[in-house]
Amino acid sequence: MMQDRRTLDRSAIEHHYDLSNEFYQLFLDPLMVYTCAYYRDPEGSLEEAQADKLDLVCRKLRLHPGETFLDIGCGWGSLAIWAAKHYGVCARGVTLSSQQVAYANEWIARERLQDVCRVEHRDYRDLVGEGPFDKVSAIGIIEHVGTANYPAFFSEVHGLLKPGGLFLNHGITRHRHWKRTPQWDFLIENVFPNGELTHVSHITEAMEEQRFEILDVESLRAHYARTCMHWALRLKARERDAIALVGERKYRTWLLYLHSSSVNFEQNSINLHQVLVASADPKAAVVPTTREEIYHPFEGTPLRRAS
């Protein structure tokens with residue numbers, strides 16, 4: 001059964017993410033971030049908001065120079081690279097997409113971060129017994145884990161953390177009384193073959209059952225509505241290029257998926273929650289009990305896309 005799940009996950013990732021790096025470059029920001037942005041300025045650009053989102057995650061995790069950081073399902077490596085470059089951590093990312101790995105490691109080499117950052121083509125389940133890491137993130141992964149696998153997933157993450165370490169889970173959630181729709185069936189068939197959503201209380205309960213302490217829960221629903229709309233508009237503007245890369249059917253499928261996702265977030269049909277937890281340890285440093293330091297504007301230099 002475990003091997004069947006691994007096969008499903010790998011096939012789903014290849015179906016969605018290996019369309020081509022060039023296709024995603026048509027509508028993502030220069031940092032190639034394919035998860036909810038964070039709009040400090042409600043009317044701000046996608047580029048600014050994605051840089052702010054990367055920094056928000058790093059601040060919530062209280063990253064410090066010299067710490068070890070693991071990003072599960074790291075995409076094109078943007079968070080790992082950001083954390084290594086701006087926070088001085090030793091960062092590692094894993095993804096099941098071979099195209100993402102190639103892109104990320106070329107970017108890492110271009111930034112001369114090979115000594116402190118790497119991205120690997122690996123299943124997170126193969127990391128059991130490695131580490132431990134000071135901090136771990138899973139950004140946009142919980143939707144693909146499968147609710148029946150939450151106990152194993154959070155147990156494995158817990159085992160990868162040092163005592164007192166922090167873990168940030170960022171993912172789409174649904175209402176407790178949500179029901180399947182034809183639109184959801186279309187997305188599962190054509191866009192996310194292994195997608196599965198649940199409500200945030202289910203996620204936090206599963207975390208607590210694996211001995212995590214819940215420190216902070218934040219909804220970014222409105223941010224994701226705007227993110228998806230930005231993606232849809234950018235993809236529409238590159239229609240000819242998109243069709244040339246993936247064909248008209250795939251282009252129209254992705255455009256529909258992005259527009260409908262924006263509407264669903266706008267109408268509160270689905271949500272996006274960041275949950276920060278700790279591997280409990282009475283001897284660990286106390287995490288600040290206020291959010292002030294998290295929300296200062298980022299003052300660093302945004303990273304450049306590897307080209």
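The values are calculated or read from the model by the stated rules, or taken from the named source; none is laboratory data. All values reported here derive from a predicted model rather than from experimental measurement. Using ideal geometry, Cβ is built from the backbone for each residue, glycine included, and neighbour counts are taken over all protein chains shown.
Tabulated results
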read-out: Verdict on Arg59 being of a type in the set (Lys, Arg) and within 22 Å of Ala109 (Cβ to Cβ); value: no
read-out: Every pair of residues 6+ apart whose Cβ atoms lie under 8 Å, when the first sits in region 229-248 and is aromatic (Phe, Trp, Tyr) while the second is modelled with pLDDT of 95 or more; value: Trp231/Phe27; Trp231/Leu28; Trp231/Leu46; Trp231/Leu258
read-out: Residue selected from region 256-307 under the condition acidic (Asp, Glu) and touching a helix residue (DSSP H, G or I) at 6+ places or on another chain (Cβ under 9 Å), by the criterion modelled with the highest pLDDT; value: Glu266
read-out: Of all residues in region 213-261 being closer than 30 Å to Phe167 by Cβ and of a type in the set (S, T, N, Q), the one that is surrounded by the fewest Cβ atoms within 10 Å (Cβ to Cβ); value: Ser219
read-out: Enumeration of residues in region 87-112 that are farther than 22 Å from Gly140 by Cα and either among the basic types (Lys, Arg) or buried (at least 19 other Cβ atoms within 10 Å of the Cβ) (or both); value: Arg110, Arg112
read-out: Criterion (within 28 Å of Leu168 (Cα to Cα) and not hydroxyl-bearing (Ser, Thr, Tyr)) met by exactly one of Asn194, Asn190; value: Asn194
read-out: Failed condition for Phe153, given (1) surrounded by fewer than 16 Cβ atoms within 10 Å (Cβ to Cβ); (2) of a type outside the set (D, E, K, R); (3) closer than 28 Å to Tyr224 by Cα; value: (1)
read-out: Spans of helices (runs of 4 or more DSSP H) in region 123-231 with at least 2 residues at pLDDT 90 or above, of a type in the set (A, V, I, L, M) and within 27 Å of Val101 (Cα to Cα); value: 142-145, 150-160
read-out: Any pair with Cβ under 7 angstrom, 6 or more apart, that starts in region 41-65 at a residue that is on the phi > 0 side of the Ramachandran plot and ends at one that is surrounded by fewer than 22 Cβ atoms within 10 Å (Cβ to Cβ); value: Arg62/Val287
read-out: Subset of region 79-97 that is among the small types (Gly, Ala, Ser) and not in a loop (DSSP other than H, G, I, E, B) - its residue that is farthest from His296 (Cα to Cα); value: Gly93
read-out: Boolean, Trp76 is among the aromatic types (Phe, Trp, Tyr) and part of a loop (DSSP other than H, G, I, E, B); value: yes
read-out: Test: residue in region 48-67 that is under 15 Å from the mean Cα position of the chain (by Cα), assigned to a loop (DSSP other than H, G, I, E, B), more than 28 Å from Leu258 (Cα to Cα) and not small (Gly, Ala, Ser); value: yes
read-out: Test: residue in region 262-280 that is among the hydrophobic types (A, V, I, L, M, F, W, C) and in a loop (DSSP other than H, G, I, E, B); value: yes
read-out: Filter result for the condition that a residue is farther than 16 Å from Leu168 by Cβ, without any contact (Cβ under 8 Å) to a residue 12 or more places away in the chain and out of contact with any Ser or Thr (no Cβ under 7 Å at 6 or more places or on another chain), over Gln100, Gln114; value: Gln114
read-out: Residues of region 188-234 that turn out to be over 18 Å from the mean Cα position of the chain (by Cα), of a type outside the set (A, V, I, L, M) and closer than 27 Å to His158 by Cβ, as a count; value: 9
read-out: Subset of region 36-47 [of a type outside the set (A, V, I, L, M) and at pLDDT 95 or above]; value: Cys36, Tyr38, Tyr39, Ser45, Glu47
read-out: Residue satisfying condition, being under 26 Å from Leu255 (Cα atoms) and of a type in the set (Asp, Glu), within set Glu47, Glu67; value: Glu47
